[in-house]
Amino acid sequence: MDAGAVAALTNGIKDHMSLLSDNSDAAPAPHKQPFVIGVAGGTASGKTTVCNMIISQLHDQRVLLVNQDSFYRSLSDEILQNVHEYNFDHPDAFDTELLLSCMEKIRCGQVVNIPNYDFKTHKSIQTARQVNPADIIILEGILVLHDPHVRALMNMKIFVDTDSDVRLARRIQRDTVERGRNIQNVLEQYAKFVKPSFEEYILPSKKYADIIIPRGGDNDVAIDLIVQHIRTKHDQHDLCKIYPNVFVIFSTFQIRGMHTLVRDVKTTKHDFIFYADRLIRLVVEHGLGHLPFTEKQIITPTGSVYTGVVFCKRLCGVSVIRSGESMENALRACCKGIKIGKILIHGEGNDGQQLMYEKLPADISSRHVFLLDPVLASGNSAIKAISLLLSKGVAESNIIFLNLIAAPEGIHAVCKKFPMLKIVTSEIDASLEEDLRVIPGMGEFGDRYFGTDDNDITSRTPK
């Protein structure tokens, strides 16, 4: 080896090692904006109960509850001497600027210290509550819908509407038991401040609510509908709103945990295959759910009639060699005896694609086709493969494209050209770099899965 070649190799190794050793220069992962819900209503209307019911049903999401009560202003000693004349239900009783500052930081993915307010001393205690970023943030309080700047933070606004007599009874019980006040003071405060402030500030904010819940926490139907709406809106990627033929499987902590492992450069080959196979199986199962079906009644072993469905049986898979071959076992496990064809496409430059080999079932034109490729990057290979299927007589609407991750650029390219096919993926990544690397991505999938990367994590083959 001559001196020039040695120098080039040495420089290449140095560049490679610098990538491995210094992650501090890497671009930070894009932060997904959380879904913010505002829950308002009169005193003791059941806001906290509603919030807790929503949180309990969203158990597979990171949910943060922020109480407006935490942002009460600390009262001076002078005001405390005549505290019964202080209106705690007036907008000025809250430090709204601090609330806005904390909410903005949480929305940006920062760790924030939330004040702790003592209702007996009417002061914020020194020990604040540290909260971490979350997928869903619920901001609860009597006046969270009053201020336009606070409302502007919200993706969903809820007003809990409960009868005034019920609210008064609950307030008496709460303030006497939890806050050490006597009934006479509670009634006087309610008549002098609580009721007038409700009518002047809180009740008018009801008009800004997207959803009004009568009877508060007793309204199970309303809570269920709200949770369904939250799941739909929060989990739906913006591209799914643009292209109704793009489907992302519902993300849980299990799925995100598996993505963490398959994306980690330190994950061993054995673990990579194990968790990639689990994710692939989930994608395949989800893809099967998009097949046409017919209703069928059967008799169970108990002699009962069960009304079920039967999916179409004329299926086949087509894997894009070679990464797509990693998805074949999952498809076979779900569809016994399914035929699987193969396509080999060679990349030429940044956008040129050449068909090198194809072996497809002779009757593929009459089948529903699962196109298999774990990574959708630029979409060039996918467009070439889909065009081949169409040339063989496959109906565009009969193609379901399955992959683990997809770049927005690839989705745009495929969906604009083939709006009738379906794309099913487990995550949509942030972007595609100039060298056609999916970011954050998971590296060269085929090499990692089949063990041919020689530990060279910097090698990438655009798809």
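The values are calculated or read from the model by the stated rules, or taken from the named source; none is laboratory data. These numbers come from a predicted model, not from an experiment. Cβ placement follows ideal geometry from the backbone for every residue including glycine, while neighbour counts extend to all protein chains displayed.
Summary of values
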| item | result |
| --- | --- |
| Residue identified as part of a strand (DSSP E or B) and not aromatic (Phe, Trp, Tyr) among 116, 87 | 116 |
| Residue count for the range 205-219, restricted to those that are without any contact (Cβ under 8 Å) to a residue 40 or more places away in the chain and over 27 Å from residue 107 (Cα atoms) | 1 |
| Answer from 183, 172, 142 - the residue that is under 19 Å from residue 68 (Cβ atoms) and not assigned by TED's automatic domain parsing to the domain that holds residue 251 | 142 |
| Extreme residue, farthest from the chain's Cα centre (by Cα), among residues of the range 255-271 that are in a helix (DSSP H, G or I) and free of Cβ contacts under 8 Å to residues at least 60 places away in the same chain | 270 |
| Residue in the range 54-61 that is outside any helix (DSSP H, G or I) and either at positive phi or among the hydroxyl-bearing types (Ser, Thr, Tyr) (or both) present | no |
| Subset of the range 355-389 [in a helix (DSSP H, G or I) and out of contact with any strand residue (DSSP E or B) (no Cβ under 8 Å at 6 or more places or on another chain)] | 365, 366, 387 |
| Looking only at the range 373-420, and only at residues there that are among the charged types (D, E, K, R) and over 18 Å from residue 291 (Cα atoms), the one that is surrounded by the fewest Cβ atoms within 10 Å (Cβ to Cβ) | 416 |
| Conditions (1) more than 25 Å from residue 55 (Cα to Cα); (2) in contact with a Pro (Cβ under 8 Å, 6 or more places away or on another chain); number of the one not met by residue 222 | (1) |
| Residue in the range 112-130 that is assigned by TED's automatic domain parsing to the domain that holds residue 71, surrounded by 17 or more Cβ atoms within 10 Å (Cβ to Cβ) and without any contact (Cβ under 8 Å) to a residue 40 or more places away in the chain present | yes |
| Verdict on residue 426 being in contact (Cβ under 8 Å) with a residue 12 or more places away in the chain, under 23 Å from residue 331 (Cβ atoms), assigned to a strand (DSSP E or B) and small (Gly, Ala, Ser) | yes |
| Residue count, the range 142-167 (criterion: modelled with pLDDT under 90 and either within 20 Å of residue 90 (Cβ to Cβ) or in contact with a Lys or Arg (Cβ under 6 Å, 6 or more places away or on another chain) (or both)) | 2 |
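For every residue, the table says whether it meets (1) outside any helix (DSSP H, G or I); (2) closer than 30 Å to residue 35 by Cβ.
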| residue | (1), (2) |
| --- | --- |
| 139 | yes, yes |
| 145 | yes, yes |
| 149 | no, yes |
| 154 | yes, yes |
| 157 | yes, yes |
| 171 | no, no |
| 176 | no, no |
| 180 | yes, no |
| 185 | no, no |
